[in-house]
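Enquirer: Quick one: structure below, then a few questions.
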Amino acid sequence: MGCHTICDLPDSLLTQILLNLPTKDSVKTSVLSTRWRNLWLSVPGLDIATYEFDFGEIFERFMDRFMEFNHGSRLQNFRIWHQIMYGTIHNLTLMELIGKVVDRGLQHLDVTLNFCVRDGFRNDFMLHNIYKSKTLVSLKLAVVVLKKPEFVASLPCLKILHLRSVCYDYDGPLIVEKLISGCPVLEDLELIRPFHIYDEKNVMFLRVSSQTLKICSLRFVNNRGVADFTVEIDAPRLEFLSLSESDFDRIVVKNLNSLLMVNIGTKYSFDYGSPLQPQDLRKRDLFYDFLTGISSVRHMILCQFTLEVLYSYSKVEPIPKLHNLYHLQLEFFSSSLQLELSFLESCPNLKILSLLGSYDSKELWKIDCTNVPRCLISTLEYVEIKEWKMKDETGIIKFVNYFLENSAVLKKLTLSFKNLSITKQELESYKKLLTPTKLSPTCEVIID
């Protein structure tokens, strides 16, 4: 006979359920009954914020009780968010406590300390046992201080490494490289605003080299005046690469033969109506090499800034063909319409095109209807125009008709409006403006 209520479940399953709750909510279950009074103490993990404790002594007593109750037990998760509380919890004490938790065979550690830059706190977060943990599978650090280790890092089970707004008092990229090199089974790497440094550098070089890495997300903002910022990625098993909101001078990719999806966001923006300057030509060549290095990609996401860069490059020489690309997502605005159509020339085998954004109706009338990319004629099957923000009938229907009249194998075209209340009468008026001469007679058109 099966269980009818949650109380019928065994303690081992209940503690796994409580593991998914913040610890403060897990503790609240202690009032339910005698059975639940100490059940939260058996949960194999903690999710706490130190500001929830009125005094540091209360927090320390809480942790001592939890650790004593679980003496000899291995912990799965430890997530902590800490901010300076007028000295109520000493930072060194907190880090020693985290070190003790790791020694319990911890698998997942997620720490946000929120004091390294603002408060000038320079003590090293990464204690010796964290660099040498044999059980950590996931390590996520935000706003902490990392110093150059005096020994080789060894994290044999670590698969996930996320560093956000980390502070360094030495060469930040070198410290990250040492961490990566000490993770022989690393699969997921995320670096978000990773190099807040005390000593400004004129040149910064980051090498991401891993034989096991599958996911790599990088978001760099050069807000410290670094003159030359170079990133090198060598990951033969990499499947997903994200470079959103990135600001760098050079990116070198090697051995990305397994790449399936890439999200490219760059802040390089040139006036593509004017001649490129020498420094722009250098960036163009570097970005061209980057595109050649990711030519095996199947799914690509581009922002408008990146489209502008690509359009600038195409004025000098053709963009490398992306023969394996079957799904392209583009963020578009009123000024980027022609850029997008030009980029489609580099996607000869494209099957799915997703467009997100809106156009000025005047720009829609500037479409060069005589320019029909090869993919429209031979391979494009699905077009999605999402989050359209305007009700201009003639402009958007002209855009829709461009695809309907030039896509020979199109199966479905979807137009979705964002935050607009479209009446049935308006939907009918849109449909009446659709071309009667679809190149693909069986194409389904959905407007909602």
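The values are calculated or read from the model by the stated rules, or taken from the named source; none is laboratory data. Predicted model, so just to flag it, every value in this text is computed and none were measured. Positions of Cβ are backbone-derived with ideal geometry, glycine not excepted, and every protein chain shown enters the neighbour counts. Accessible surface is based on the protein model in full, side chains and every heavy atom, while ligands, DNA and RNA are left aside. Shrake-Rupley method; radii C 1.70, N 1.55, O 1.52, S 1.80 Å.
Enquirer: For the pair Arg207/Val31, report the inter-label distance in nm, with labels modelled 7 Å from Cα in the Cβ direction.
Expert: The modelled label-to-label distance comes out at 5.8 nm.
Enquirer: For Ser407, Ser73, give me the order by solvent-accessible area with a 1.4 Å probe, most accessible first, ignoring ligands, DNA and RNA.
Expert: From most exposed to least exposed: Ser73, Ser407.
Enquirer: Let's test the formula: R0 of 22 Å, r as the Cβ-Cβ distance of Phe69 and Ser12. What FRET efficiency results, to the nearest 0.05? It would help to have the intermediate numbers written out before the result.
Expert: Numbers: r = 16 Å, r/R0 = 0.72.
Efficiency, rounded to the nearest 0.05: 0.90.
Enquirer: Express in Å², to the nearest 10, the accessible area of Arg237 obtained by rolling a 1.4 Å probe over the protein heavy atoms while all chains stay in place.
Expert: Looks like 140 Å² after rounding.
Enquirer: Please list His71, His128, His108, His327 from largest to smallest accessible area, probe radius 1.4 Å, with all protein chains kept in place. Let's see the in-between values first.
Expert: Working: His71 150, His128 105, His108 70, His327 30 Å².
Result of the area sort, largest leading: His71, His128, His108, His327.
Enquirer: Heavy-atom accessible area of Lys386 with all protein chains present, probe 1.4 Å, nearest 10 Å²?
Expert: Estimated to the nearest 10 Å², Lys386 gives 90 Å².
Enquirer: Pairs Lys178/Lys254; Lys398/Lys438; Lys148/Lys254; Lys134/Lys178; Lys315/Lys351: which exceed 23 Å Cα-Cα? List each step's numbers first, then the result.
Expert: Numbers: Lys178/Lys254 19 Å; Lys398/Lys438 13 Å; Lys148/Lys254 27 Å; Lys134/Lys178 16 Å; Lys315/Lys351 26 Å.
Checking Cα-Cα distances, Lys148/Lys254; Lys315/Lys351 exceed 23 Å.
Enquirer: With the cut-off at 1.5 for a/c, could you classify the stretch 1-82 from its C-alpha gyration tensor as rounded, prolate or oblate? Mind showing how you got there, number by number?
Expert: Numbers: a/c = 2.04, a/b = 1.83, b/c = 1.11.
Since a/c reaches 1.5 and a/b is larger than b/c, the shape of the stretch 1-82 is classed as prolate.
Enquirer: Also, quick follow-up: Would you tell me the accessible area of Ile352, worked out with a 1.4 angstrom probe on the heavy atoms of the protein chains, in Å² to the nearest 10?
Expert: Probe radius 1.4 Å; accessible area of Ile352 about 40 Å².
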